[in-house]
Amino acid sequence: MDDSLIQRFLSRVKLAAQPRLFIFACEKGRPLLRLLVLVGAILAGGCETVYFYSQATTGQLKILAGRESIDRLVQEEQTDPKLRRQLEWVQSIRAYAAGELHLPVGTAYSDFTQLEDEYVLYNVVAAPEFSLSPKRWCYPIAGCASYRGYFDKRDAQTQAGQLRAQGYDVYLGPVPAYSTLGWFDDPVLSSFVDWKPDRLASLLFHELAHRRVYIAGDTQFNESFATAVSRIALPAWRKRNGIPAPRVANVEQARRVNGLMVSARRQLQDIYRSDLTDDEKRERKANTLQRLRHCYRKESEGWTQDEKFAQMIEKTNNATLALVSEYQSQVPAFVQLYKDSGSDWEAFYRAVEQLGAQSKAQRKAQLESLGKRAQTYQNKAQNHASSKKVTGPSLHSDTCMSAAN
């Protein structure tokens with residue numbers, strides 16, 4: 001997981017609510033509701049959909065059956081000391097999320113489950129050959145989502161193969177964590193319990209944010225909001241716990257890589273919207289992605305820790321670019337909304353809820369306006385910084401990528 005930024009985006013993946021509803025019916029012993037949901041699943045998608053729900057049900061129930069109380073594990077002498085320390089971090093993070101961030105923690109992440117495998121899910125993301133809009137799978141209640149998660153890697157590989165055969169760009173990645181959005185009290189999983197404290201806090205803040213606001217059918221809104229909550233909250237949390245901020249060099253490297261991907265995405269959009277023939281689009285697409293990798297190698301000269309970025313760039317296609325956009329594109333807008341709310345969490349959540357109550361088109365327009373304001377402030381700050389003495393190379397993603405057209 002540490003070796004791929006794409007997998008970090010995927011680590012926040014959510015299961016569709018319909019499988020969760022079916023699981024809930026089974027767990028509570030409501031045969032009529034269980035039957036109605038099963039009939040709905042059959043009508044919604046046929047045998048493939050029923051199989052998807054079946055594997056989701058089996059996987060989720062297995063996780064629930066393996067839960068152990070974190071409070072008890074922390075107190076038991078036989079608990080591994082390293083695990084105990086990590087679970088104590090979880091307890092601290094939960095308390096901070098409830099007290100300082102006003103998130104509905106409840107009893108979420110109060111249990112721990114040891115998985116049999118390294119990852120809990122394998123996720124499939126797909127986008128058409130000439131589009132950066134991800135394929136969406138739609139479900140009753142939850143609306144549509146731009147990913148499909150499988151507990152068995154072989155099932156995910158089968159799905160990915162079928163999509164590639166249909167001409168889609170596909171990304172298949174392991175997932176260490178996911179949220180049931182409040183349908184269950186999600187446990188801490190062995191797949192992420194050993195993460196560094198600030199990364200663990202980032203994940204839990206993100207997932208708990210979904211329990212506060214979640215709009216069915218709008219992945220970009222939901223993921224950008226939760227990512228913004230985590231990004232806003234982390235600096236103060238680090239300060240309180242004496243954890244240093246990320247090294248400036250690491251932040252700059254991430255900024256450069258993001259600049260390259262934004263440039264590549266913009267150029268691909270222009271290609272896909274053009275009147276070129278499919279063969280011409282295919283050739284220019286390949287040239288753009290090849291140029292992206294070339295520019296990355298040029299930008300990353302002298303970097304000491306670039307493996308995760310290199311892997312991400314090598315895997316970049318329409319599917320990965322679409323997914324990154326889902327999780328990141330509206331984050332600056334939500335950060336700006338937080339500032340407009342007086343940096344008050346409750347006021348911010350109310351503003352987000354008001355946005356969520358609007359139509360998708362209306363909230364997208366408002367978020368675009370907020371994003372433009374955020375970009376204006378960022379440009380002013382960068383111009384001010386550039387007027388001072390700067391050491392080291394500067395970002396030239398647009399200059400490098402311009403040769404792709």
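For Asp117 and Ser274, the difference between the fully extended length at 0.36 nm per residue and the C-alpha to C-alpha distance is 52.0 nm.
Quick check: residue separation of Cys144 and Arg373 times 0.36 nm, minus the Cα distance between them. What number comes out in nm?
On the way: separation 229, 0.36 × 229 = 82.44 nm, distance 2.92 nm.
Full-extension gain reported as 79.5 nm.
Using only the Cα atoms of the stretch 277-377, what semi-axes does the equivalent ellipsoid have when each is the square root of 5 times a gyration tensor eigenvalue? Give whole Å, largest first. Intermediate results must be reported in sequence, preceding the final value.
Details: eigenvalues 245, 77, 26 Å².
Semi-axes from the Cα gyration tensor: 35, 20, 11 Å.
On full extension, the segment bounded by Gln75 and Ser92 gains 4.6 nm, given 0.36 nm per residue less the C-alpha separation. Footprinting exposure proxy ranking of Leu234, Leu367, Leu208, fewest other C-beta atoms within 10 angstrom first, gives Leu234, Leu367, Leu208. For a straight C-alpha distance cut-off of 20 angstrom, the aspartates and glutamates reachable from Lys372 (same-chain residues fewer than eight places away being disregarded) are Glu223, Glu326, Asp340, Asp398.
Other residues with beta-carbon under 12 Å from the beta-carbon of Glu88 carry, at +1 per Lys or Arg and -1 per Asp or Glu, a net charge of +3.
The local environment of Gly242, defined by Cβ-Cβ distances under 14 Å, has a net charge of +3 under the rule Lys, Arg +1 and Asp, Glu -1.
Give the order of His206, His294 when sorted by the count of other beta carbons within 10 angstrom, beginning with the fewest. Kindly include the intermediate steps, with their values, before the conclusion.
Values: His206 23, His294 15.
Least crowded to most crowded, the residues run His294, His206.
Read the figures in this text as sums done on the coordinates, not as results from a lab. Predicted model, so just to flag it, every value in this text is computed and none were measured. As a convention, Cβ positions derive from the backbone with ideal geometry for all residues, glycine included, and neighbour counts pool all protein chains shown.
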